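The values are calculated or read from the model by the stated rules, or taken from the named source; none is laboratory data. Keep in mind the model is a prediction, meaning the values are calculated, not measured. Cβ placement follows ideal geometry from the backbone for every residue including glycine, while neighbour counts extend to all protein chains displayed. Protein only, heavy atoms only, side chains kept; ligands, DNA and RNA dropped before computing areas. Shrake-Rupley method; radii C 1.70, N 1.55, O 1.52, S 1.80 Å.
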Amino acid sequence: MQEEADVQFDGDIKLKLIIKMKLFFLIWNVIQLTVFAQSFTASVNNNKVGVNDRFEVSFTFSGKDVNALRNFNPPDFSNFLTLSGPNQSTSMQIINGVLSASRTYSFILQPRSIGKFTIGSASIEFDGQKFTTSPIQLEVTASSPQQQKRDDDASVSNEEIAQNLFIRASADKQRVVMGEQVTVTYKLYIRLNIASSMSISKLPKYQGFWVEELETSSNIMFSTEVVDGKQYRVGVLKRVALFPSQTGELSVTPFELKVPIQIQKKRRSQSLFDDFFGDPFGRYETIEFNARSNTLRVNVLPPPEANRPQSFKNAVGEFSISSSVGSQEVKTDEPVSLKIEISGTGNIKLLDIPEVNIPPGFDKYDPKVDEQISRSGRVSGKKTFEYLIVPRAAGKKIIPSVEFSFYNPARNQYVTLTTPEYTLNVSQGERKTDSEFADFRREGIRQLGEDIRFIKTASGSFNKKGEIVLHSIGFWTAVGLPLLAFIGLIAWKRRDEKLSADIQSLKYRKAEKIAKSRLKLAKKLMEENNYQQFYTEISAALFGYLEDKLSIPKSEFTLDRAVDELNKRKVENSIVERLSKNIEKCEFIRFAPGAGKEDMPPMYDELTNVIIDIERVLDGKKNV
């Protein structure tokens with residue numbers, strides 16, 4: 001009986017193990033199907049071709065194991081001549097220990113006639129499932145762009161390049177409230193080889209927006225996207241956060257980039273061998289193509305009038321507020337700090353100073369403002385206002401609460417936040433009381449009485465002294481003092497003339513001091529070799545200088561506005577051109593992959609000299 005029980009016990013254990021193993025493999029298969037997603041896509045190297053052109057159509061399956069593929073079925077190519085195919089190619093890669101693979105079936109085709117055609121869906125079976133591709137639209141013309149322009153050794157046309165290389169600007173929102181963030185992303189779509197570094201041809205203009213640069217990788221990371229049936233390598237060039245400062249339909253002008261591309265020279269021969277394998281001698285040429293993004297338009301609405309609180313000062317986003325005081329037990333004439341902190345998501349830089357109503361009996365000084373801003377995606381951070389208040393009278397003083405309002409576009413409503421009120425117990429400090437000041441005044445009067453001498457009215461006797469006036473010290477003192485004063489006046493006049501002659505040197509030293517104070521943090525970042533933050537700081541320092549010097553509000557500042565103001569003030573064109581050129585170079589380096597490390601010292605020196613030159617010119621005109 002014991003042996004039968006043991007056998008039954010062992011059988012139960014084995015059964016449980018088998019069930020657990022099957023459950024494990026079932027879960028593993030589900031994980032594999034989830035992690036290793038399968039896809040089957042179709043693409044053509046050109047979806048607009050001439051009737052005599054050859055083109056390639058490819059069907060690519062991506063997954064975890066392409067060896068299990070079965071029954072590939074291409075679409076109907078009856079409208080085309082099949083010159084080659086299907087040609088198979090397989091690739092495999094391991095990323096973070098995960099194996100992925102792809103298999104491509106490609107065909108070389110040539111149109112039979114002119115018109116618009118549809119390449120149907122291809123199908124394939126994998127692991128018991130059937131996958132199909134999406135149809136591709138193709139236009140066949142009498143002659144392709146390359147046929148119209150090419151001769152024996154001519155390269156492709158700009159129209160053909162533009163179909164394989166372009167910049168696309170996209171906004172996450174087309175309709176916003178004034179002050180609400182709009183994120184604009186510039187992507188480069190390319191199917192060609194870049195020969196060398198790109199350069200900016202023209203920066204976009206953000207008229208009516210406050211602009212914040214968002215963080216992007218220093219190196220362009222390319223991914224793959226299929227657009228209109230064509231497969232492109234896609235990389236993010238630039239991302240900016242725009243905060244509209246006015247209502248209406250606002251436009252963002254195109255972003256233009258000079259891209260040197262390498263293209264293999266084509267031959268006129270219609271030989272399939274030439275078209276399929278290209279030039280056997282590998283003859284290439286470099287063409288500088290000006291890629292241009294599309295124009296964006298954003299419709300900006302004013303914040304709603306209904307239920308708008310009086311404390312609303314155009315803050316849009318989602319915020320919180322907190323406050324604190326240094327101490328609530330203070331003495332007269334002892335400073336106390338009142339700190340107010342606003343944090344959240346929105347345009348932190350443009351938040352206005354909250355209105356603080358300090359009761360009588362205090363001296364209030366302008367607040368110290370500190371900002372900490374994150375630009376990784378949605379602009380967020382915190383802004384701290386620290387007030388210094390000094391009580392002048394003893395007693396119980398109440399600092400009222402501070403009210404802050406903002407509009408939350410996500411909830412479509414206004415939100416009003418308040419800080420707590422603070423009660424300060426102010427005791428008398430060491431300052432003298434009124435009675436002490438009265439005693440001081442009486443003592444002064446007594447002392448004044450001792451100093452006063454009454455006029456003597458009684459007649460007295462006067463005796464003649466026999467001393468000669470020329471021999472007296474008083475005479476020579478009276479004669480020498482004017483002479484010394486005259487000599488001092490001449491020395492002062494010569495010194496003043498010398499300083500006037502050296503006025504340019506004085507202006508230069510003053511301008512240099514202003515420039516170095518503006519670029520102090522940028523210089524520190526340069527010494528730390530932090531080139532990404534260096535270019536952000538040097539750009540912000542230069543814009544801040546122009547805002548202050550030209551009296552342009554931060555919310556209305558643009559480079560074009562600054563250039564116009566400098567031209568109005570008769571600043572030389574050479575200085576304005578140097579300013580624009582270096583700002584554009586700085587903006588390019590901020591997102592160009594791997595650029596800018598070696599350019600920090602010359603960029604720092606050049607922008608320092610630009611500020612010095614502007615300061616000298618404007619200061620000189622002001623003195624005139």
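Sort T418, T183 from largest to smallest accessible area, using a 1.4 Å probe on the heavy atoms of the protein chains.
Ranked from most to least accessible, the order is T418, T183.
From the phi of every residue in region 570-585, what ³J(HN,Hα) in whole Hz does the Karplus formula 6.51 cos²θ - 1.76 cosθ + 1.60 yield, where θ is phi - 60° and glycine or proline is x?
Residue by residue, region 570-585 yields 6, 6, 4, 4, 4, 5, 5, 5, 4, 4, 5, 4, 6, 5, 4, 5 Hz.
Using a probe of 1.4 angstrom, how much of the accessible area of region 275-406 is carbon and sulfur, in percent?
46
Could you check the simple spin-label distance between S517 and L483, using points 7 Å along Cα→Cβ, in nm with one decimal?
Here the answer is 4.7 nm between the modelled labels.
Only four residue types carry charge here, +1 at the Cβ of Lys and Arg and -1 at the Cβ of Asp and Glu. Report the dipole size of region 294-370 about the Cα centre in Debye, rounded to the nearest 20.
My answer is approximately 380 debye.
Using every Cα-Cα pair within region 387-432, state what percent have a distance larger than 18 Å.
I get 52 percent for the Cα pairs in region 387-432 exceeding 18 Å.
Would you mind putting 185-198, 339-352 in packing order, based on average other-beta-carbon counts within 10 Å, highest first?
Peptide ranking by packing, descending: 339-352, 185-198.
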